[in-house]
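Report on one structure; see the data block that follows.
The values are calculated or read from the model by the stated rules, or taken from the named source; none is laboratory data. If you're wondering where the values come from, they're calculated on a predicted model, not measured in any experiment. All Cβ positions, glycine included, derive from the backbone under ideal geometry; neighbour counts span all protein chains shown. The area values use the complete protein model at the heavy-atom level, side chains included, leaving out ligands, DNA and RNA. Shrake-Rupley method; radii C 1.70, N 1.55, O 1.52, S 1.80 Å.
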Amino acid sequence: MMAEPVLELKSVERHYVQGPRKLTILNGADFTLQRGEMVAMVAPSGTGKSTLLHTAGLLERPDGGDVILSGRACGRLSDDERTAIRRNDIGFVYQFHHLLPEFSALENIMMPQLIRGLSKPEASKRAAQLLDYMQIGKRAQHRPAELSGGEQQRVAIARAVANAPLVLLADEPTGNLDPATASYVFDALEALVRQSGLAAMIATHNHELAARMDRRVTLAEGKVVPL
Ligand code: ADP
Ligand code: MG
């Protein structure tokens, strides 16, 4: 298969100013994610995994360099343009599910689709399919508080892919789960990514899960390097 980069980080810089000190987190980070590829990012706490994912996901702006999604340079676009790209092309999963508490699992997965402009029946149909795919179809009407941690994360993953994004970015998506549940949730995540041909970058501390990815990288001195 021909390589087709969906996400490229080019010489990305991220700095935080803390009082008189300037912290350099990303220092010329380069990274390319190909269509259909699953990459694990394994690095100690505080090295910049979340910063990298937030920058790649257009939640934060690079201080230097650029983020290129499907050939389009995004680093300097307006906030509105970045929000539109995020809505359509990027799925994000956090360590904590961040589901809307007053809505059902089904409604949580419908929401991004409705914001994008799909009709209620269309959004509901796709949400139900995704819940079935994640093997939690029976929980469709449950609110997040009525779901287990593993179920909450499976709903969060379904929500992240509801708009069929180009890229799935996951920041320690199983970090809050016990090992057996983490493995089960990861199975579902992996199956979904594989069958949809999505590209995914997943930060994890779990070496067993990382070993199942196509490739592993880490962060060293603000750069992405193979692990
Ligand atoms: P990781 O996800 O690998 O644990 P982060 O990307 O969250 O790492 O953070 C990398 C470093 O940047 C840490 O030292 C953290 O303290 C610092 N940092 C993150 N966000 C901010 C911020 N908003 N202001 C100042 N420092 C920050
Ligand atoms: Mg983090």
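Please label the shape of the range 36-119 as rounded, prolate or oblate, based on the square roots a ≥ b ≥ c of the eigenvalues of the alpha-carbon gyration tensor (a/c under 1.5 means rounded; beyond that, a/b larger than b/c means prolate, else oblate). Judged from the Cα gyration tensor, the range 36-119 comes out oblate (a/c at least 1.5, b/c at or above a/b).
Per residue, how much space in cubic angstrom lies within the convex hull of the C-alpha atoms of the range 138-227? The partial results should precede the final answer.
Numbers: hull volume 10.6 nm³, N = 90.
Measuring per residue, one finds 118 Å³ for the Cα hull of the range 138-227.
When Rg and the Kirkwood Rh are both derived from Cα coordinates, the Rg/Rh ratio for the range 33-191 amounts to 0.97.
Computing FRET efficiency as 1/(1 + (r/R0)^6) for Ser119 and Arg216, where r is the C-beta to C-beta distance and R0 is 30 Å, gives about 0.15.
Compute, for the chain, the length of the dipole vector about the Cα centre, with Cβ point charges of +1 (Lys, Arg) and -1 (Asp, Glu) only. Units Debye, rounded to 20.
Its charge dipole is roughly 220 debye.
Using a Gaussian network model of the chain in which every pair of alpha carbons under 10 angstrom is joined by a spring, one finds that among Leu130, Leu147, Leu198 the greatest mean-square fluctuation is at Leu147.
Ignoring ligands, DNA and RNA, what percent of the accessible area of the chain is carbon or sulfur (1.4 Å)? Numbers along the way, then the final one.
On the way: 5520 of 10720 Å².
That fraction is 52 percent.
The protection proxy used here, the mean number of other Cβ atoms lying within 10 Å of each residue, ranks peptides 155-164, 67-76, 113-122 as follows, highest first: 155-164, 67-76, 113-122.
Accessible area ranking (1.4 Å probe, heavy atoms, ligands and nucleic acids excluded), largest first, for Phe96, Phe103: Phe96, Phe103. In the chain, the longest principal axis of the Cα atoms and the axis of helix 120-133 are about 80 degrees apart. Mind telling me which of Thr174, Thr51, Thr83 comes out most flexible in a GNM of the chain, alpha-carbon contacts under 10 Å? Taking springs between Cα atoms under 10 Å, the residue moving most is Thr83. To test your reading of the geometry: what angle, between 0 and 90 degrees and rounded to tens, separates the Cα axis of helix 105-116 from the longest principal axis of the chain? Relative to the chain, helix 105-116 is tipped by roughly 60 degrees.
Just the accessible area per residue of the chain, please: how many Å² with a 1.4 Å probe?
Details: 10720 Å² over 227 residues.
Per residue, the chain has an accessible area of 47 Å².
What's the FRET efficiency of Leu23 with Ser148 using the Cβ-Cβ distance as r and R₀ = 41 Å, to the nearest 0.05? Present the calculation step by step, with values, prior to reporting the outcome.
Working: r = 37 Å, r/R0 = 0.91.
Efficiency, from the Cβ-Cβ distance: 0.65.
Only Lys, Arg, Asp and Glu carry charge here, each on its Cβ (+1 for the first two, -1 for the last two); on that basis the range 102-173 has a dipole of about 260 debye about its Cα centre.
Straight-line reach from Lys22: taking Cα to Cα under 16 Å and skipping same-chain neighbours fewer than 8 places apart, the aspartates and glutamates in range are Glu13, Asp63, Glu221.
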